[in-house]
Amino acid sequence: MKAIVFDSPGDEQVLKIGEVDKPEPGPTDLLIKVRCAGVNRADLMQREGHYPPPPGASPILGLECAGEVVAVGAEVRGWRVGERVMALLAGGGYAELAAVDYRCAMRVPPTMSDEEAAGFPEVFLTAFLNLFMLGQVKPGETALIHGGSSGVGTAAIQLLVASGARAIVTAGDSSKCERCVKLGAFAAINYKEGPFAPRVMSLTDGRGVDLVLDIIGAAYLAQNIEVLAHSGRLVLIGLMKGARAEIDLAAVLRRHLTIIGSTLRSRPVEQKGEIVRLFLERFGTALNEGKLRPPIYAVLPLAEAPRAHRMMRDLEHFGKIVLRVS
């Protein structure tokens, strides 16, 4: 089958179309004919050699896909050949076929396109895990989302609005800030115009936010601590701007703060399946009614994966970049 491959880590130009063996699905797996695959920043990190796949996972890039079920394992329950499917993968999305444990798969609502479905699982499940399962966001609370225009950011905005919470986001230009507000954010802060902490404190009348969802890391740590309200939670899911920084532990103690580190890809399939189950239990109706869907910035042919990675590298996108596989 055809897939995007690379011989050694490097920039976008190492990516190329190649022939690889078809995946061998296990007894609890679905075999998916991939129509579209979502592009995520983790793909760029893996291509650069900084984020290897977990043991046993496909070395092919791609953490989410959408398509059609073409085979089911003997122990699979509730799925049949021919159904539309979108799936959370540990790898393997940039290919014509992908295998995934059925517990990590979701049915595609009739109102959702293949492109939207391919851009849904990784970002919405990441946002759900970190905002609600770990961060325990409640109705009426306020969360600060860094990277509000990203896939995870746009998913987080929608889930917070659907749950009765409030989103304040940061983004890199005024146009992206405006689009975040149109998507449902209470306010959007252009981080290129200066420190975000004073603006957050002004927007919350000096109280601060209940949760910060952070993809930046070290460069934002001090401000993140500053803007957390009493009993606030900092959930760290990325290190785009550094992994080492000093922290004011006195503030952590005094304000009863919680700091949580989290990744989704490396979790066991049983945990991922539980995340999917709980997501559908809470937000399945909104999904099926078409109230949750990723904004699609660009859809490119699989062979243009290098261009898709450049788009993401340069932060030009709003929402999701998707590869059309078949």
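Just checking, how many residues over the range 87-112 are over 24 Å from Lys291 (Cβ atoms) and either among the β-branched types (Val, Ile, Thr) or assigned to a loop (DSSP other than H, G, I, E, B) (or both)?
8
Being crowded, with 18+ Cβ neighbours inside 10 Å, farther than 22 Å from Gly38 by Cβ and touching a strand residue (DSSP E or B) at 6+ places or on another chain (Cβ under 9 Å) is true for just one of Leu257, Leu287. Which residue is that?
Leu257
Does the range 192-206 contain any residue that is under 21 Å from Lys241 (Cβ atoms), assigned to a strand (DSSP E or B), modelled with pLDDT of 95 or more and not acidic (Asp, Glu)?
no
Check whether at least one residue in the range 117-125 is over 19 Å from the mean Cα position of the chain (by Cα), in a loop (DSSP other than H, G, I, E, B) and in contact (Cβ under 8 Å) with a residue 12 or more places away in the chain, and report yes or no.
Within the range 117-125, none of the residues are over 19 Å from the mean Cα position of the chain (by Cα), in a loop (DSSP other than H, G, I, E, B) and in contact (Cβ under 8 Å) with a residue 12 or more places away in the chain.
Considering the range 226-236 alone, what residues qualify as being in contact with a Leu (Cβ under 7 Å, 6 or more places away or on another chain), under 18 Å from Leu134 (Cα atoms) and not basic (Lys, Arg)?
Answer for the range 226-236, where residues must be in contact with a Leu (Cβ under 7 Å, 6 or more places away or on another chain), under 18 Å from Leu134 (Cα atoms) and not basic (Lys, Arg): Leu228, Gly232, Leu234, Val235.
Give the range 98-112 a look and list any residue that's over 20 Å from Glu24 (Cα atoms) and touching a residue at least 24 places away in the same chain (Cβ under 8 Å), or say none.
Met106, Arg107, Val108, Pro109, Thr111, Met112
Considering only the range 172-186, I want to know if a residue exists there that is farther than 20 Å from Met312 by Cα and touching an Asp or Glu at 6+ places or on another chain (Cβ under 9 Å).
no
Report yes if Ala66 is farther than 25 Å from Phe128 by Cα and crowded, with 24+ Cβ neighbours inside 10 Å, otherwise no.
No; evaluated as a whole, the condition is false for this residue.
Conditions tested, residue by residue: (1) within 19 Å of Met240 (Cβ to Cβ); (2) assigned to a helix (DSSP H, G or I); (3) out of contact with any strand residue (DSSP E or B) (no Cβ under 7 Å at 6 or more places or on another chain); (4) assigned by TED's automatic domain parsing to the domain that holds Leu278.
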residue: Gly140; (1), (2), (3), (4): no, no, yes, no
residue: Gly148; (1), (2), (3), (4): yes, no, no, no
residue: Ala156; (1), (2), (3), (4): yes, yes, no, no
residue: Val169; (1), (2), (3), (4): yes, no, no, no
residue: Ala185; (1), (2), (3), (4): no, no, no, no
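So, Pro110, is that one surrounded by fewer than 19 Cβ atoms within 10 Å (Cβ to Cβ), over 18 Å from the mean Cα position of the chain (by Cα) and closer than 30 Å to Pro9 by Cα or not?
So Pro110 fails the test.
Show me the strands (runs of 3 or more DSSP E) entirely contained within the range 1-74 in which 3 or more residues are in contact with a strand residue (DSSP E or B) (Cβ under 6 Å, 6 or more places away or on another chain) and free of Cβ contacts under 8 Å to residues at least 40 places away in the same chain.
Of the strands (runs of 3 or more DSSP E) lying wholly inside the range 1-74, those with at least 3 residues that are in contact with a strand residue (DSSP E or B) (Cβ under 6 Å, 6 or more places away or on another chain) and free of Cβ contacts under 8 Å to residues at least 40 places away in the same chain span 64-72.
What number of residues in the range 75-97 are of a type in the set (Val, Ile, Thr) and either buried (at least 24 other Cβ atoms within 10 Å of the Cβ) or touching a residue at least 40 places away in the same chain (Cβ under 8 Å) (or both)?
2
Can you find a residue that is in contact with a Lys or Arg (Cβ under 9 Å, 6 or more places away or on another chain), under 21 Å from Pro23 (Cα atoms) and surrounded by fewer than 24 Cβ atoms within 10 Å (Cβ to Cβ) anywhere in the range 43-52?
Looking through the range 43-52, none of the residues is in contact with a Lys or Arg (Cβ under 9 Å, 6 or more places away or on another chain), under 21 Å from Pro23 (Cα atoms) and surrounded by fewer than 24 Cβ atoms within 10 Å (Cβ to Cβ).
Sort through Ala188, Ala251, Ala222 and tell me the only one that's of a type in the set (A, V, I, L, M, F, W, C), in contact with a helix residue (DSSP H, G or I) (Cβ under 6 Å, 6 or more places away or on another chain), without any contact (Cβ under 8 Å) to a residue 60 or more places away in the chain and surrounded by fewer than 21 Cβ atoms within 10 Å (Cβ to Cβ).
Answer to the check: Ala251.
The values are calculated or read from the model by the stated rules, or taken from the named source; none is laboratory data. In this text, all values refer to a predicted model and were calculated from it rather than measured experimentally. Ideal geometry is used to build each Cβ from the backbone, glycine not excepted, and the neighbour counts take in all protein chains shown.
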